[in-house]
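Q: This structure is in structure tokens; I'll ask about it shortly.
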Amino acid sequence: MGLPASLIFAKLHANYARKLCVAGLTALFAFLLCMTLSWSHGDEHAKQAGAGEEGRFFISMGQSNNVAVIDMKSNEVSGTFVSGRNPHGVTVTPDGRFLYTTSRSSGDDGKMIPEKNPGNYVSVIDTNKMEITQRIYIGGNTHHASITRDGRKVIVTVPDRGGIAVIDTKNKSVVAQIETGAGANSSVSSPDGKQVYVTNMDDDTLSVVDLINYKKIKDIAVSAGPDHITISPDGKLVYMTNSYSNQLTVVDINQYTVKKVIEAGNGLHGLGITSDGKKLYVSKQSDGTVIVLDTKDYKVINTIKLGGKPQHIAVASDGKHIYVNDEGRNRTFVIDSSLDKIIKTIYLWPQPHQIAVIQPKRY
């Protein structure tokens, strides 16, 4: 005797439901696996991240206490490693062997004696061993970092002391503390490494510092809130964003004079210039864009829509790719400079900030 039709139907329905459930769980697992593989988390310490060649760049990742390593060919995360507390600024030697990272103090750190405050140190990281080999005491709250083109000196801005610390990369020690001005924020060196230029946000000045005799030569008055800075490949022009006045300033560094002031809109932050010096990229947090200027006449020739609040910008040594961080949304954009279009979005968690690209050694 056969089963009642109602019972057959119930069994078929139950089997179908089980298949749907299995399929749903499989799809969910696949989705979660893809998400896991597409994001780099700060707790993935010491993955394969050897970095002795130009084919990689580095991004400080704030509260994760890590630095991410990005492979330039694939534009994928190749690893992360511990870099000291709350890394903020980062720069890399021309051979890619050593990273120097600053540590941003938290509110509680301000109560510590200076020698115990992690924000008062710069960490030196061996990228072959993927570990901190030394911590250099600076004596003030470190912020951004840059390096001379010959790789001999690292410059760290120290805002609460109104100046910079200069580190000798051979001895890995501080060789000078130089006062520049209130709110010292960012720096860039001349091609020959004899001078460094420092933005002082609260003084509205650009300081010119002699790196041979370790003294300030001159302060150049600029628009309000000089923030981030870059230099033309020939070293003749310095460009900076002015966050308080919504302007870009171009300085003729040989004459120590302002050559041009450009109205560029609200929310200006980072900037970078191509290796041929022809295009200047500027991030705008107010509308989530990067504007592209022709350096012949300083006209905007392109606007790249990213969303979020783009911040730091770095340029590949060959000028083909532009890298832009969006700390708030935990991502870095890769832009093709020939097309001025996004070709890749790299997700990093949390707080991707300053970007360090390996530059060939020059004297």
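Q: Please note which strands (runs of 3 or more DSSP E) are completely contained in the stretch 153-202 and include at least 2 residues that are under 17 Å from Pro94 (Cβ atoms), more than 19 Å from the chain's Cα centre (by Cα) and of a type in the set (Phe, Trp, Tyr).
A: none
Q: Taking the stretch 221-236 only, how many residues are surrounded by fewer than 16 Cβ atoms within 10 Å (Cβ to Cβ) and farther than 25 Å from Gly319 by Cα?
A: Number of matching residues: 2.
Q: How many residues are touching a residue at least 60 places away in the same chain (Cβ under 8 Å) and in contact with a helix residue (DSSP H, G or I) (Cβ under 7 Å, 6 or more places away or on another chain) if we restrict to the stretch 112-170?
A: Here the count works out to 0.
Q: Looking at Lys116, Lys153, which one is surrounded by fewer than 18 Cβ atoms within 10 Å (Cβ to Cβ) and among the basic types (Lys, Arg)?
A: Just a single option satisfies the conditions, and that option is Lys116.
Q: Another question, then. Of everything in the stretch 187-205, what is out of contact with any Pro (no Cβ under 8 Å at 6 or more places or on another chain) and on the phi < 0 side of the Ramachandran plot? Give them in sequence order.
A: The answer is Ser187, Val188, Ser189, Ser190, Asp192, Lys194, Gln195, Val196, Tyr197, Val198, Asp202, Asp203.
Q: Still on this structure, I have one more. Which ones in the stretch 138-152 are hydroxyl-bearing (Ser, Thr, Tyr) and modelled with pLDDT under 95?
A: Correct list: Thr142 only.
Q: Filter the stretch 68-102 down to the residues that are in contact (Cβ under 8 Å) with a residue 24 or more places away in the chain, closer than 17 Å to Asn325 by Cα and acidic (Asp, Glu) and list them by number.
A: Listed by number, the list holds a single entry, Glu76.
Q: Does the stretch 210-230 include one or more residues that are more than 20 Å from Val290 (Cβ to Cβ), touching a residue at least 60 places away in the same chain (Cβ under 8 Å) and outside any strand (DSSP E or B)?
A: yes
Q: Within the stretch 332-348, how many residues turn out to be surrounded by fewer than 20 Cβ atoms within 10 Å (Cβ to Cβ) and not in a loop (DSSP other than H, G, I, E, B)?
A: 8
Q: Same structure, new question: Could you tell me which numbered condition Asn200 fails, if it satisfies all but one of (1) in contact (Cβ under 8 Å) with a residue 60 or more places away in the chain; (2) under 26 Å from Ser243 (Cα atoms)?
A: It is condition (1) that Asn200 fails.
Q: Filter the stretch 126-146 down to the residues that are within 19 Å of the chain's Cα centre (by Cα) and under 12 Å from Thr102 (Cβ atoms) and list them by number.
A: Correct list: Asn141, Thr142, His143, His144, Ala145, Ser146.
The values are calculated or read from the model by the stated rules, or taken from the named source; none is laboratory data. All figures in this text were calculated on a predicted structure; none of them were measured in a lab. Positions of Cβ are generated from backbone atoms using ideal geometry, with glycine treated the same way; all protein chains shown enter the neighbour counts.
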